[in-house]
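The values are calculated or read from the model by the stated rules, or taken from the named source; none is laboratory data. Not measured: the values here are computed from a predicted model. Here Cβ is always computed from backbone atoms with ideal geometry, including for glycine, and neighbour counts include all displayed protein chains.
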Amino acid sequence: MDIEGLGHALVDQLVERELVRDVGDLYSLDVETVAELERMAETSARNLMNALERSKSRPFHNVLFALGIRHVGATVARTLADRFGSIDELQKASPEDIEAIHEIGGAIADSVLRDENNAAVIDKLREAGLTLEGEEPTGAGPRPLEGKTVVITGSLSRWGRQQAQDAVRSAGGKPTSSVSKKTDLVVAGENAGSKLEKAKELQKELEIEILDEDAFAELIGVD
């Protein structure tokens, strides 16, 4: 959640004094309480409160990752957020709904749905005003890259690298950084270089599709 000033030493104090039992409790802290801690003062405490306030605007996928659900790292959190759109929709999901997502198996689905501590923490985060919903869920829309591993190489005019990778995820694919025998699609922009050459070489024995930016945009339905 990128909360400036919330380091290990401060967290240790908060937990030892039983001021914080889970991440939701962070948002119930106040300046006076924090200022009384070791190596803290009113200015530092106020700065922490401001940092906590700023963290409330972090995207939904950041919040989901920060819950610390077993097996749910940053990439899986983003995938779940993209697919379901909100914490409410995710909580309503069945194991089959979650397992149907590319590269999310039963262990992850079980962790998401059976963590008994999540409900109480989510209630605290909701009350504190954190972002618990994101963009419209993508599950109902077209997903032309469902199950495909995609490499983006070279410079694109429509997207930056992170934006292009997000577009791949929204279309059901998995963006990766290197071309291999597991690659299904290579999107080649300007100055694509060695990754494009490797993809062409692998095309001799594998069905790797190579698209330029315009063809990729058409495939995923972007004007």
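Numerical summary
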read-out	value
Filtered residue count, the stretch 40-53, keeping only those that are in contact (Cβ under 8 Å) with a residue 40 or more places away in the chain and not aliphatic (A, V, I, L, M)	1
Any chance VAL187 is touching a helix residue (DSSP H, G or I) at 6+ places or on another chain (Cβ under 6 Å), within 20 Å of LYS200 (Cβ to Cβ), assigned by TED's automatic domain parsing to the domain that holds LYS200 and part of a loop (DSSP other than H, G, I, E, B)	no
Qualifying residue in the stretch 7-29 (condition: under 25 Å from the mean Cα position of the chain (by Cα) and of a type in the set (Lys, Arg))	yes
Matching residues, the stretch 58-95, being of a type in the set (D, E, K, R) and not in a helix (DSSP H, G or I)	ARG58, ARG70
Complete set of residues in the stretch 13-66 that are among the small types (Gly, Ala, Ser) and surrounded by 14 or more Cβ atoms within 10 Å (Cβ to Cβ)	GLY24, ALA35, SER44, ALA45, ALA51, SER55, ALA66
Residue list for the stretch 164-197, filter: surrounded by fewer than 19 Cβ atoms within 10 Å (Cβ to Cβ) and either modelled with pLDDT of 95 or more or among the acidic types (Asp, Glu) (or both)	ASP166, ASP184, GLU190, GLU197
Among the residues listed as ALA77, ALA109, the single one being surrounded by 18 or more Cβ atoms within 10 Å (Cβ to Cβ), under 23 Å from VAL150 (Cα atoms) and either touching a Phe, Trp or Tyr at 6+ places or on another chain (Cβ under 6 Å) or among the small types (Gly, Ala, Ser) (or both)	ALA77
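Table: residues versus (1) in contact (Cβ under 8 Å) with a residue 40 or more places away in the chain; (2) not in a helix (DSSP H, G or I).
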position: ILE3; (1), (2): yes, yes
position: LEU6; (1), (2): yes, yes
position: VAL11; (1), (2): no, no
position: VAL15; (1), (2): no, no
position: GLU18; (1), (2): no, yes
position: ARG21; (1), (2): no, yes
position: LEU26; (1), (2): no, no
position: THR33; (1), (2): no, no
position: GLU38; (1), (2): no, yes
